[in-house]
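A quick write-up on the structure given underneath.
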2 protein chains.
Amino acid sequence: MSKPDALTALGEMLGDRLSRSKSDLDLHGRNETYFPFLPPDAVAYPETTDEVAQIVRICAAHGVPLIGWGRGTSLEGHALALQGGVTIDFSRMNRVLKVNSEDMDVVVQPGLTREDLNRELRATGLFFPVDPGANASLGGMASTRASGTTAVRYGTMRDNVLALEVVLPDGRVIRTGTRARKSSAGYDLTGLFVGSEGTLGLITELTLRLHGQPEAISAAVCAFDEIGAAVDTVIQTIQLGIPMARIEFVDAATAAAFNAYASADMPEKPHLMVEFHGSAAGVAEQTESFGEVVAENGGEGFKWSSRPEDRNALWTMRHNAYYACLGLRPGATALVTDMCVPISRLAEAVEETRADIAQASIPGPILGHVGDGNFHAILLVEPDNAAELAEAKALAHRMVERALRMGGTVTGEHGIGMGKLDYMEEEHGAAWDVMGQIKRALDPMTLMNPGKMVRAN
Amino acid sequence: MSKPDALTALGEMLGDRLSRSKSDLDLHGRNETYFPFLPPDAVAYPETTDEVAQIVRICAAHGVPLIGWGRGTSLEGHALALQGGVTIDFSRMNRVLKVNSEDMDVVVQPGLTREDLNRELRATGLFFPVDPGANASLGGMASTRASGTTAVRYGTMRDNVLALEVVLPDGRVIRTGTRARKSSAGYDLTGLFVGSEGTLGLITELTLRLHGQPEAISAAVCAFDEIGAAVDTVIQTIQLGIPMARIEFVDAATAAAFNAYASADMPEKPHLMVEFHGSAAGVAEQTESFGEVVAENGGEGFKWSSRPEDRNALWTMRHNAYYACLGLRPGATALVTDMCVPISRLAEAVEETRADIAQASIPGPILGHVGDGNFHAILLVEPDNAAELAEAKALAHRMVERALRMGGTVTGEHGIGMGKLDYMEEEHGAAWDVMGQIKRALDPMTLMNPGKMVRAN
């Protein structure tokens, strides 16, 4: 039982689809944010579920860790090889296997990206709504329980994965769920693997819910003097039952970043950016009703458009917010926070966070998915400036404490990875031990993404 | 370690809230359908989570089984005491603990019924939508992952439980989830306990999502010559993005039952019963669009109404369908099936089932939640007629096989209980073993609702 023997066996099986090249190890040891370089010993590029199962059996026989890799867009260092081992890169398993239009579902491989999926769906009248911003792989999105701008209307990955095929730590292949829309047949294993961050098994196939492309879409943007008025607008809109497809908050600093990066012409104030989906008449009515709520809350500059080019410009700007914010401090890297609270506490949470950042020496624009109570601060630090990173971590720590104090969660959508492990006990208490019991039951050798998610043995 | 010692200790702790009276044992050994009488040794009526935890610790110390009991409305014998033990009746834990209007959630105890919850919510402008027909307890509904007429719009219990408090088999009390709308913080334990049928722990508190009472509601009913045309109407309506709040199918036999039971005046043909929620203009538009789809598919007698009394009459009739069908055969009892398939296979599934029942000697009206691909046959048998029960079971068996052959599930909403255990391996394959691994990890002594859900050790 040794790692070299495992790598030899994998090399015999995969040929040049087992890579130990420096460039491959470098690529798979890096991450999008501030975590250190942690490369695997090798990168495997399987093409079938059977190959994944064989890889897992070889690694299990030799006690070698296994880490899944989609597109490397995680913000929390999920796919870093803390204990070395073999990274399974799913980029060659990236096909749409079956579109079931009548049932509004699709079967895909885990390496497919959400943008590629939607490109393939364009002619069907259907689309996959979950939109975390980055063009992530669908396997990765399932593994981190991703969401994004559209969760307020269409839900998160939890709500949009119908079934999975998973290779377990001992090489068994299971199917969880069916293509039926609902089921009461046993423990919800689909839900258990969604969000498990590769620590219980490797997802090799996903059945996803699709939604009809809306007949009409309108988008709107408006400014507020105070964060509280913006959040009140959101709460009232939800309570009126106006079905928003997207509702995004950006603070004054983010508006300034948009102005600089995208030549926007926004007052440097808190803004809401909103989108409605439905019939032409429905969208017009929703937009009008929303405009009334905006006016009641003192919002200004309310503009809406159903022209695709205007909408695209708006959401492209929003999707590039991370880069726009990085542009506020050229050369900087970012620590991105991800707190999520009950919406009644959101204004207070954002205000406290803004005041805290205002005391710090580093900038930190705030933006988020306000309909879900989820927001991010993009804390901009100089690379290799330990003092600034420490300051950013202290701010992030206080955001986490704030989230928990307000009845929320330490991560709304980015996941635990390496960045939030230290908060699991505080958020979950004894329930974290239950997660450990499940982990040990399914992965007794701790081969799957070791060092993540659960308490170390 | 003995059962008598456990009962003595429980009696000392609970006083007359530990009952061993014949009437109590009788009540808790009975079920709504065809399963045998299986009483517990005692019934406990706890009033707090701490009491539940104490009861569990006493039973665990003496190896005594524990079975949760809500309102006894299960159709699959979930709460029968297969191996005796103590039934925990949650009827004294039936309070609304906190309504959070701004956050649109509510914290409740497990013994509260859905009708009582909605009565308490009436003045808030909010409601809890999951509607399985029976006035079940919310703890029981979570435990069986219940759904019903409104799942097509509002989802099932899977989608509407935000967080749980659970007493584990060793007496530890955990909280799963928070009041945040979404989270990526760890394994989805809320989702694991929802649908676990009391085999992993006892739910002692639930945080539920609420929804705004719609501004306007309209309901409609229409008849079709063929089941296929009715189902095509549903598929096209979904694909057009018309947001139905309810869409129910009843077959000709059920229409006849309504005529006899509720003095309805329905042609003895397949029908759809549908409801729309939204703004006044939105509901009018949806109803009109739906009417066009109905006309294209040859539907007839399309009538709609937004008058509350008409709607109430319609849904009262639908909710009483079980009793209306029982009325087709006075003195009969029923075996109620629960298959759920991808909607593209639904017409075929219903047709095959109807043809199969037509060959049988017993009646079996068909009705269901057609927007989810879920339907039931109510197989009417004479009590104590073994030949008829065998015939009904054979029909039910073929429905299950049909569901699996068509890519569906053996139970859309009723759960496994005693009726579907024999199909778990066929539906889940090796994934059923994974459920067993989880069960053994959390309940190594098999104290929680033993004999249910997983393979016997």
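The values are calculated or read from the model by the stated rules, or taken from the named source; none is laboratory data. The shown structure was predicted, so the numbers you read here are calculated from the model rather than taken from an experiment. Ideal geometry is used to build each Cβ from the backbone, glycine not excepted, and the neighbour counts take in all protein chains shown. Note: areas computed on protein heavy atoms with side chains; ligands, DNA, RNA excluded. Shrake-Rupley method; radii C 1.70, N 1.55, O 1.52, S 1.80 Å.
Observations, loosely collected:
- Taken about its Cα centre, chain A carries a charge dipole of about 1120 debye when Lys and Arg each add +1 at the Cβ and Asp and Glu each add -1 at the Cβ.
- Environment charge of A:ALA281, counting only residues whose C-beta is closer than 10 Å and scoring Lys/Arg +1, Asp/Glu -1: -3
- What the Cβ-Cβ distance of A:GLU425 and B:GLU292 gives, at R0 = 51 Å and to the nearest 0.05, is a FRET efficiency of 0.35.
- Cross-link partners of A:LYS182 among lysines (Cα-Cα below 25 Å; sequence separation of 8 or more within a chain): A:LYS98, B:LYS182, B:LYS393, B:LYS420, B:LYS439, B:LYS452
- Accessible carbon and sulfur surface of the stretch B:1-147 relative to its total accessible area, %, 1.4 Å: 48
- Inter-copy spacing of B:ASP5 label points, which lie 7 Å from Cα along Cα→Cβ, given in nm from shortest upward: 4.9
- The solvent-accessible area of B:MET445, taken with every protein chain present and a 1.4 Å probe, is close to 100 Å².
- Site pair B:ALA123 and B:GLU215 shows an inter-label distance of 2.5 nm when each label is modelled 7 Å from Cα along Cα→Cβ.
- Mean shadow area of chain B over all directions, Cα convex hull, nm²: 21.5
- Rounded to the nearest Hz, the phi-derived 3J(HN,Hα) couplings of the stretch A:252-258 under the Karplus curve 6.51 cos²θ - 1.76 cosθ + 1.60 (θ = phi - 60°) are 4, 5, 5, 4, 4, 5, 4, where x marks glycine and proline.
- Partner shielding of A:395-406 amounts to 1, given as the average count of beta-carbon atoms from other chains within 10 Å of each residue beta-carbon.
- By accessible area with a 1.4 Å probe, ligands and nucleic acids excluded, highest first: order of B:ASP50, A:ASP24, B:ASP422, A:ASP116: B:ASP422, B:ASP50, A:ASP116, A:ASP24
- Beta-bridge orientation, the protein assembly as shown: approximately 85 percent antiparallel, per DSSP, counting only bridges with both partners inside.
- Between chain A and chain B, roughly 6000 Å² of accessible surface gets buried, counting both sides and using a 1.4 Å probe.
- HN-Hα J in Hz across the stretch B:11-27 - Karplus 6.51, -1.76, 1.60, θ = phi - 60°, x for Gly and Pro: x, 4, 6, 9, x, 7, 8, 10, 10, 10, 5, 4, 5, 5, 5, 4, 4
- Dipole check for the protein assembly as shown: with +1 at the C-beta of Lys and Arg, -1 at the C-beta of Asp and Glu, and the Cα centre as origin, the magnitude is about 1380 Debye.
- Rg/Rg_ref, the stretch A:1-149, where Rg_ref = 2.2 N^0.38 Å and atoms are Cα: 1.12
- Surface accessible to a 1.4 Å probe, B:TYR45 within the full protein complex, Å²: 30
- In a fully extended conformation the segment linking B:HIS397 and B:GLU351 would gain 14.9 nm over its present Cα-Cα distance, using 0.36 nm per residue.
- Dipole axis of the protein assembly as shown (+1 Lys, Arg; -1 Asp, Glu on Cβ), positive-most option in A:GLY111, B:SER306, A:VAL166: A:VAL166
- Within-14-Å neighbourhood charge of A:LEU395 [Cβ basis; K, R +1; D, E -1]: -2
- For the stretch B:329-422, size of Cβ-based charge dipole, Lys and Arg +1, Asp and Glu -1, in debye: 140
- All lysines inside 24 Å of B:LYS269 as judged from Cα atoms, apart from same-chain residues fewer than 8 positions distant: B:LYS303
- Peptide A:339-352 has a mean of 3 when you count, residue by residue, the C-beta atoms of other protein chains within 10 Å of its C-beta.
- Note on the protein assembly as shown: helix-only mean residue ellipticity at 222 nm, from DSSP H runs of 4+ residues weighted -39500 (n - 2.57) and normalised by residue number, equals -11000 deg cm²/dmol.
- Only one residue of A:THR333, A:GLY415, A:ALA347 has its Cα farthest out toward the positive end of the dipole of the stretch A:329-422, where Lys and Arg carry +1 and Asp and Glu -1 on Cβ, and that residue is A:ALA347.
- When Rg and Dmax are taken over the Cα atoms of the stretch B:216-313, they come to 12.8, 36 Å.
- Angle in degrees between helix A:430-442 and the longest Cα principal axis of chain A, rounded to the nearest 10: 40
- Accessible area of A:CYS325 in the full protein assembly, 1.4 Å probe (Å², nearest 10): 0
- The modelled label-to-label distance between B:ARG440 and A:ASP50, using points 7 Å beyond Cα along the C-beta direction, is 3.0 nm.
- Neighbouring Cβ atoms from other chains, within 10 Å of the Cβ of residues in A:188-199, number 5 on average.
- Calculated translational diffusion coefficient of the stretch A:3-91 (4 °C, 1.567 mPa s; Stokes-Einstein with Kirkwood radius over alpha-carbon pairs) equals 101 µm²/s.
- Alpha-carbon spread of the protein assembly as shown, three principal axes, descending order, Å: 81, 65, 58
- Residues whose amide H lies under 5 Å from that of A:GLY85, counting only those 5 or more places away or on a different chain, are A:ASP41, A:ALA42; hydrogens are built 1.01 Å from N in the peptide plane.
- Within the shell defined by Cβ-Cβ distances under 13 Å, the residues around A:GLN437 carry a net charge of +2, with Lys and Arg each +1 and Asp and Glu each -1.
- When the charge dipole of the protein assembly as shown is built from unit charges on Cβ atoms (+1 for Lys and Arg, -1 for Asp and Glu) and taken about the Cα centre, the candidate among B:ILE55, B:SER74, A:GLY368 whose Cα reaches farthest toward its positive end is B:ILE55.
- Computed FRET value (nearest 0.05) for B:GLU115 with A:ASN312, which takes r as the C-beta separation and R₀ as 51 Å: 0.60
- Copies compared at B:PRO383 - label distances in nm, ascending, label defined 7 Å from Cα in the Cβ direction: 7.9
- Ignoring aspartates and glutamates fewer than eight residues from B:LYS22 along the same chain, the ones with Cα atoms less than 13 angstrom from its Cα are B:ASP41.
- In order along the stretch A:76-87, the Karplus-derived 3J(HN,Hα) couplings, from 6.51 cos²θ - 1.76 cosθ + 1.60 at θ = phi - 60°, round to 10, x, 4, 9, 7, 8, 3, 10, x, x, 10, 8 Hz, and Gly and Pro are given as x.
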